[in-house]
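The values are calculated or read from the model by the stated rules, or taken from the named source; none is laboratory data. Note that this is a predicted model, so its numbers are computed, not measured. Note that each Cβ is placed from the backbone with ideal geometry, even for glycine, and that neighbours are counted across all protein chains shown.
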Amino acid sequence: MDLKSLNLNTLIRSGVVLLIGAPLSFGVLANVVASNSVPKTTQELERVQASLTEPCVRYIFSKNDSKLERDAKNEIDDIVGGEVAYTETCKWVLS
């Protein structure tokens, strides 16, 4: 076996490994990247939950029919876009 055929065999093997290995590597990389990204739905839920935290704390600790309770309910309504079941909403937010 001479040096030219050895180099040719090495080049062919390297090419085959590259052709087979590259798609597998890119597939694994794509799965790793996809698993680390957060879906938009989750991001939106976290954003809403964060914005409701403070008014829900005020609602939970307020006296019934107090100004603090009304203000907290109004703020919750503004964030959500309408009236909600305040106790259940705040349980979800603070859980």
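Residue pairs whose Cβ atoms lie under 8 Å apart, sitting 6 or more positions apart in sequence or on different chains, and linking a residue in region 77-88 that is in the same structural domain as residue 56 (by TED's automatic domain parsing) to a partner that is of a type in the set (D, E, K, R) and part of a loop (DSSP other than H, G, I, E, B), are 77/83.
One line per residue, one yes/no per condition, for (1) of a type in the set (Ser, Thr, Tyr); (2) outside any helix (DSSP H, G or I); (3) surrounded by 14 or more Cβ atoms within 10 Å (Cβ to Cβ):
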| site | (1), (2), (3) |
| --- | --- |
| 43 | no, no, no |
| 49 | no, no, yes |
| 52 | no, no, yes |
| 59 | yes, no, yes |
| 70 | no, no, no |
| 77 | no, no, yes |
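Cβ separations smaller than 9 Å between residues 6+ apart or across chains give the following pairs from region 46-66 residues that are of a type in the set (D, E, K, R) to residues that are modelled with pLDDT of 95 or more and surrounded by 10 or more Cβ atoms within 10 Å (Cβ to Cβ): 54/72; 54/75; 58/68; 58/69; 58/71; 58/72; 58/75; 63/69.
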